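Below is one structure; the comments refer to it alone.
The values are calculated or read from the model by the stated rules, or taken from the named source; none is laboratory data. What you are looking at is a predicted structure, and each value in this text was computed from that prediction instead of being measured. Positions of Cβ are backbone-derived with ideal geometry, glycine not excepted, and every protein chain shown enters the neighbour counts. Areas reflect the complete protein model, heavy atoms only, side chains present, ligands, DNA and RNA absent. Shrake-Rupley method; radii C 1.70, N 1.55, O 1.52, S 1.80 Å.
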Amino acid sequence: MAALEEGFTLSAVPLGAGPHGLLGVEQSDRPDQFLVTDGGRTVILYKVSDQKPLGSWSVKQGQVITCPAVCNFQTGEYIVVHDNKVLRIWSNEDVNLDKVFKATLSAEVYRIHSIQGTEPLVLFKEGAVRGLEALLAEPQQKIETVISDEEVIKWTKFFMVFRHPVLIFITEKHRNYFAYVQMFNSCTLSKYTLLLGHEEKSVIQRFTASVDRKVISLMSLSSDGCIYKSLIPIHPNDPEKNQRVVRSLLLKTVVSGNVRNGVALTVLDQDHIAVLGPPLPASKECVSIWNTKFQTLQTSKELPQGTSGQLWYYGENLFMLHGKFLTVIPYKCEVSSLAGALGKLKHSQDPGTQTVPHFVNWETSRGYGFGSQNSEQSKRILRRRKIEVSVQPPPSKQLLSTIKKDSEKRIVEELCKFLASKQTPDFHTIIGDIVLELLGRHKVEPSFYPRNALMQLIRTHVLSYSLCPGLMEVALEKTDVQMLQLCLQQFPDIPESVTCACLKIFLSISDDSLQEAEINMESVSDYIDSVQEEKMEEQTEILHNGFNPEEENCDNCDRELNKKPQDTAEETTSCPVIPKRAALLNAILHSAYSEMFLLPHLKDIPAQHVTLFLQYLYFLYLKCSENATMTLPGLHPPTLNQIMDWICLLLDANFTVVVMIPEAKRLLLSLYKFVKSQICICSELNKIEVSFRELQKLNQEKNNRELYSIEVLELF
């Protein structure tokens, strides 16, 4: 049994507008991060769980990226080729691709392959293959021609077999197709001719492949809408000989036969395959999962905005262009069984997906290797065989029934029983359904607010904003700051608009209301308590990470700031907000965001609230400066980077407003003074950097000295 879950848009920026569409989606060195290469000038690094871009790099105007960017898993660097021959290598710290490592090659590159456990391989358009290290050692080395004239590479795939890399690529010449298999442990290249059989008039549109220990299973989607399979040996008997392999029918009419574009396929596991394309001539495009073992359509999901005919999968996520935006659809594939293939197993599904009892005529498959017995004998065997499938009601059925009619107390009791039971693979989907059912009843009955049940469900750590977007909306409506804090701590995909809405409530709610709320105080207990309990005495000299607020060599703004030393001492030692409000604001500081989408919403926050938040951030900065490590004590406190980033964000969004508020003047001057002091420290450190380098050189030369010596070093 297989299921497609609710998809989400990974990119808020339209992609695939170039002449080559979207070039590729490749795994990064971290399992949750992916490199997306647009068909123009841009490479973007995305984190799927946060649904946010982590970095973006572009080539210069007039240059065009010609193959997908990949990650070198041995070094963590990224590799891309633009204008067919120019290879670039960079890392996360680099900003401008024009200033990173560059190598101009002597031949045009078709694709760079990179997988875990081996160095990246470069496949040239003429069929030659080079390891990256050997290529970088001599970029202008001569590249031999492997394929014949007018032969064009159509598709390629890279595998690891017994820890040895294996590359297969398919070429086409005058509608004849050839498969090349490159074994790198034995340095052998084998060529195979794909015999089309009776479907010679059809054109192969897409390829995919899987590998076991000895055989590559090559699957191809043809223009007649059928999927064919060819078995290619990894170790041929005669590598020098051009061998032939025959295609056999695997699945019949999985997409409409008259579609020439917008189709794709990829192997998910040994029994399941994902197909992109319209199943009928007049139907919309959809993504579907087929069981190749029992030849059944397991599930499908419509894509009303159309696709580009490109499909990638990593882990349990399918990547595709839906309209102009990159979409991720999680999927589940269970171990193949006849009951599951026939749809007899009970599973919860998304409303947008449908399981279709689509079967292939088994009698027509006899000629293609599916079954050796005649149809009558097969029918007798099936009649004698008794298949008993126990259809159990879902564990959540009783709970969902309780939610519709019973009191909150009764719902909490049933929820505790359900959470104590054994979790199923679709546990997170069931939890999402329960939350939606609770919110649905609240919408119908506004007086029904099952707060305790919702809090328990959030604490299961399986929910996300995209799974139940209405949950935080209800919490905002009810000003439920405890629930909002928990959501900010648990949900990785909260939109920036909702984060700002939470911030507005945290800053505007009264202290009396906060005193009655139950807030998690882990992030503030250590440093806030110390401030509340200990009032430090006034000091004539206060040092904060090398900064002296009483220095005589400051500018006019510094002298103005020193007019009220008592206020300064109080400002540096007292927190401007109560501890519970500080804990809520810390949840905001820990939330994920994209600066581009957050800034417009920060401009809507009232000026007095912006000032209060800045005062709290300034207080946190002072507390960080008291420690040599520049960190706050406690469990999960805000980091210095988070504090500084939010100070910059607030000033970028509201500086023209804040600068006009009299109460914020001293705060802005204090921030200015801190920045200036840090610049001075960096300047002084740079001056002595050269001296330290010389000391390091002298230290390395001590090997030739005697056991005892007296040295005099003069630093100028």
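Sort LYS157, LYS409, LYS665 from largest to smallest accessible area, using a 1.4 Å probe on the heavy atoms of the protein chains. Don't jump to the answer; show the numbers that get you there.
Details: LYS157 75, LYS409 155, LYS665 110 Å².
Most to least solvent-accessible, the answer reads LYS409, LYS665, LYS157.
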Gyration tensor verdict on the stretch 61-190 (Cα atoms; rounded if a/c is under 1.5, prolate if a/b is larger than b/c, oblate otherwise): oblate
Probe 1.4 Å, all protein chains present, accessible-area order of ARG581, ARG111, largest first: ARG111, ARG581
From the Cα centre of the stretch 10-85 to that of the stretch 90-109, the distance in Å is 13
Please arrange THR479, THR145, THR156, THR42 by accessible surface area, largest first, computed with a 1.4 Å probe and ligands excluded. THR145, THR479, THR42, THR156
The rounded separation in angstrom of the Cα centers of the stretch 126-158 and the stretch 590-630 is 52
Report the net charge of residues surrounding ILE89, where surrounding means a beta-carbon distance below 9 angstrom and charges are Lys +1, Arg +1, Asp -1, Glu -1. +1
According to the square roots a ≥ b ≥ c of the eigenvalues of the Cα gyration tensor, what is the shape class of the stretch 175-239, taking rounded for a/c under 1.5, prolate for a/b larger than b/c otherwise, and oblate for the remainder? prolate
Specify the inter-centroid distance of the stretch 458-474 and the stretch 183-250, based on alpha-carbon positions, in whole Å. 47
With Cβ to Cβ distances under 10 Å as the rule, what net charge do the other residues near PHE34 carry (K, R +1; D, E -1)? 0
How large is the accessible surface of PHE124 in square angstrom, using a 1.4 angstrom probe and rounding to the nearest 10? 0
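Using only the Cα atoms of the stretch 215-263, build the gyration tensor, take square roots of its eigenvalues as a ≥ b ≥ c, and label the shape rounded, prolate or oblate: rounded if a/c is under 1.5, else prolate if a/b is larger than b/c, else oblate.
On the way: a/c = 3.40, a/b = 2.77, b/c = 1.23.
Since a/c reaches 1.5 and a/b is larger than b/c, the shape of the stretch 215-263 is classed as prolate.
Which links in LYS47/LYS332; LYS252/LYS301; LYS252/LYS284; LYS623/LYS665; LYS125/LYS252; LYS99/LYS157 stretch past 23 Å when you go from one Cα to the other? All intermediate terms of the calculation are to be shown ahead of the outcome.
Numbers: LYS47/LYS332 20 Å; LYS252/LYS301 19 Å; LYS252/LYS284 19 Å; LYS623/LYS665 21 Å; LYS125/LYS252 33 Å; LYS99/LYS157 31 Å.
LYS125/LYS252; LYS99/LYS157, as the Cα separations exceed 23 Å there.
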Not counting ligands, DNA or RNA, and with a 1.4 Å probe, what is TRP312's accessible surface area in Å² rounded to the nearest 10? 40
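Give, as a single signed number, the net charge of other residues whose beta carbon lies under 14 Å from the beta carbon of LYS102, with Lys and Arg counted +1 and Asp and Glu -1.
Values: positive: LYS60, LYS85, ARG88, LYS99; negative: GLU77, ASP83, ASP94, ASP98.
Charge balance near LYS102 sits at 0.
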